[in-house]
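The values are calculated or read from the model by the stated rules, or taken from the named source; none is laboratory data. These numbers were taken from a predicted model, which means no experiment stands behind them. When we count neighbours, we look across all protein chains shown, and the Cβ atoms used for this are built from the backbone with ideal geometry, even at glycine. Protein only, heavy atoms only, side chains kept; ligands, DNA and RNA dropped before computing areas. Shrake-Rupley method; radii C 1.70, N 1.55, O 1.52, S 1.80 Å.
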Amino acid sequence: MKDRFTKLLLALSFTLLFAIPAFSLDGTAILKKVDANLQPESFESYRKLINIEPSGAKREFLLYTLKKGNDKIASLFLSPASEKGRATLRLGDNMWLYIPNVGKPVRITSLQSVVGGVFNNADIMRLDYNVEYNVQKIDDEKSEHILELKAKTAAVAYDRLKMWVDKKAVVPTKIECYAATGLLIKTLYFKERKPFDEGIVRPSIIETDSPLYKGYQSILAYANVKKRIVPDEVFTLEFLAKIETIR
């Protein structure tokens with residue numbers, strides 16, 4: 001009787017062991033949390049973009065930016081004087097540049113750069129990562145998650161991303177950007193976390209370098225990131241010339 005009871009307990013233990021699924025990290029949930037921690041769903045901000053050449057020469061741009069939902073983002077150039085009044089608009093995968101006194105906005109692509117330097121238009125007008133990428137693999141290290149992301153469509157600037165995510169803050173510390181060929185295009189470094197809207201701590205600096213542009217560096221510094229919802233009318237080609245009125 002005792003032996004039968006022992007065997008029954010063992011059988012029940014094995015049944016329970018295999019009935020409980022192995023613990024696995026939800027990469028999609030982590031990526032969505034990363035997006036929420038990097039920027040509100042709809043917001044306004046001021047950004048300074050600095051391009052640094054191998055000689056040490058610098059060129060700086062100041063931009064006012066509005067984002068709404070997961071597919072609309074517009075920016076207005078405030079300085080330098082030569083760029084003042086220019087504006088960019090992104091609706092999903094479509095991008096435009098408005099230049100005062102030139103006429104209607106012109107189409108631009110994600111891999112071009114309206115400011116030169118290492119950042120391209122996709123970096124400057126970035127949508128949420130979970131909108132453009134699927135999580136293919138996740139590795140769990142002591143203090144970081146490492147996510148391997150694959151673009152959902154060919155229209156995305158980078159075919160693959162490798163993202164290091166701080167477990168505690170759930171924000172990226174580094175992202176490597178790859179072409180479909182496996183070529184490393186650039187690396188993004190997320191630095192200097194500061195409290196922004198509602199006390200949420202976000203990286204305030206993004207630096208980038210690229211093996212394709214040796215000696216060049218670009219820096220994007222965020223200030224006054226705060227939630228703001230504006231009418232959809234703001235994100236139209238007709239409104240690009242009037243973004244200053246909403247600031």
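Here are the numbers for this structure:
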{"read-out": "Positive-end residue, the chain charge dipole about Cα centroid, Cβ charges, pick of Gln39, Val230, Thr109", "value": "Gln39"}
{"read-out": "Which of Val165, Leu127, Ile52, positive extreme of dipole for the chain (C-beta unit charges)", "value": "Val165"}
{"read-out": "Shape call, region 197-239: gyration tensor on alpha carbons, a/c limit 1.5", "value": "oblate"}
{"read-out": "Per residue, in Å², the accessible surface of the chain once ligands and nucleic acids are set aside, probe 1.4 Å", "value": "54 Å²"}
{"read-out": "The chain - mean residue ellipticity at 222 nm from DSSP helices (-39,500 (n - 2.57) per run, n ≥ 4, rounded to 500)", "value": "-4500 deg cm²/dmol"}
{"read-out": "Cross-link reach list, aspartates and glutamates versus Lys186, counting only Cα pairs under 17 Å and skipping chain neighbours closer than eight places", "value": "Glu53, Asp123, Glu148, Asp159, Glu176, Glu207, Asp209"}
{"read-out": "Normalised convex hull volume, region 29-152, alpha-carbon set, Å³ per residue", "value": "137 Å³"}
{"read-out": "Rounded to 10°, Cα long-axis angle of helix 2-19 versus longest principal axis of the chain", "value": "10 degrees"}
{"read-out": "Cα-based helix-to-principal-axis angle, 27-38 vs the chain, degrees rounded to 10", "value": "40 degrees"}
{"read-out": "The chain - charge dipole about Cα centre, Lys and Arg +1 at Cβ, Asp and Glu -1, debye rounded to 20", "value": "240 debye"}
{"read-out": "Dipole of region 143-247, positive direction: furthest Cα of Tyr178, Ile205, Ala155, with charges on the beta-carbon", "value": "Ile205"}
{"read-out": "Of all accessible heavy-atom area on the chain, the percent that carbon and sulfur account for (1.4 Å)", "value": "55 percent"}
{"read-out": "Peptide ranges 59-68, 146-155 listed from the most packed, as the mean C-beta count within 10 angstrom indicates", "value": "59-68, 146-155"}
{"read-out": "For Val114, residues with placed amide H under 5 Å, excluding near neighbours", "value": "Asn121"}
{"read-out": "Ranked by how many other beta carbons lie within 10 Å on average, peptides 225-234, 113-122 from highest", "value": "113-122, 225-234"}
{"read-out": "Candidates Ser218, Ser143, Ser110, ranked by Gaussian network fluctuation over the chain, Cα under 10 Å, top entry", "value": "Ser143"}
